[in-house]
Amino acid sequence: MTIKLKPVTRDNWEEAIQMKVIEWQRDFVPSAAVSLAKVYIKPDGNAVEYIPFSIYDNDKMVGFIMHAYEPDTVNMYWINGFFIDQKYQGRGYGRAALAVMISWIKTKFPKCEEIRLTVHKDNRHAKNLYKNFGFMPTGEIWGEEEVYYFSVKRSYL
């Protein structure tokens, strides 16, 4: 397995929006199309920048992940819209992609001290992945989603 993150561009966006999660997961994560719309619409405000990526294993697209951040902060670095396509789930792609994304954020934004994400309160699989990776709940709840954080300073990635 060789995981790479490639920006979503006019060359791969159509393939990205064709990816889907398993039916029972559809209420837990937005589609790639919805995540891509956020880049333009900026629902979290004009200060937030979005960088969408397709997740590849060599040349095969297996998932989607987006980074959102507020420049000049230490803790407003987010992982959004993260999913592995239903055809590729259960093969370790989620954990591998999460490691690559965190490493990318740490390299690109050296002032980042904390990475955050939200996870649906009923999404046991994602919660286990994040907790096993070192994410911890902040105690904040946004609607149906719990906010988790990852301390970059304590990380060994």
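Read-outs: derived from the displayed coordinates by stated rules, not from any lab. Small disclaimer: the values here were computed from a predicted structure and weren't measured. Cβ: placed from backbone, ideal geometry, glycine included. Neighbour counts: every protein chain shown.
Observations
- Rounded Å value of the spacing that divides the Cα centres of the stretch 114-130 and the stretch 29-62: 17
- For residue 62, the amide hydrogen comes within under 5 Å of the amide hydrogens of 55, 56, 57, counting only partners 5 or more places away or on other chains and with H modelled in the peptide plane.
- The Cα-based radius of gyration of the stretch 62-146, divided by its Kirkwood radius, gives an Rg/Rh of 0.95.
- For residue 76, residues with placed amide H under 5 Å, excluding near neighbours: 70
- FRET efficiency, residue 121 to residue 40 (Cβ-Cβ, R0 30 Å, nearest 0.05): 0.55
- Where a label projected 7 Å from the Cα of residue 132 along Cα→Cβ would reach, residues of the stretch 14-57 with amide N under 19 Å: 22, 25
- Using θ = phi - 60° in the Karplus curve 6.51 cos²θ - 1.76 cosθ + 1.60, the 3J(HN,Hα) couplings for the stretch 51-60 round to 10, x, 10, 8, 9, 10, 10, 6, 9, 9 Hz; x is entered for Gly and Pro.
- A cut-off under 14 angstrom between Cβ atoms defines the neighbours of residue 4, and their net charge, with Lys, Arg +1 and Asp, Glu -1, is 0.
- Cα gyration tensor category, rounded, prolate or oblate, for the stretch 1-65 with a/c compared to 1.5: oblate
- Alpha-carbon Rg/Rh ratio, for the chain, with Rh computed the Kirkwood way: 0.92
- For the chain, the number of Lys pairs separated by eight or more positions or lying on different chains, with C-alpha atoms closer than 20 Å, is 22.
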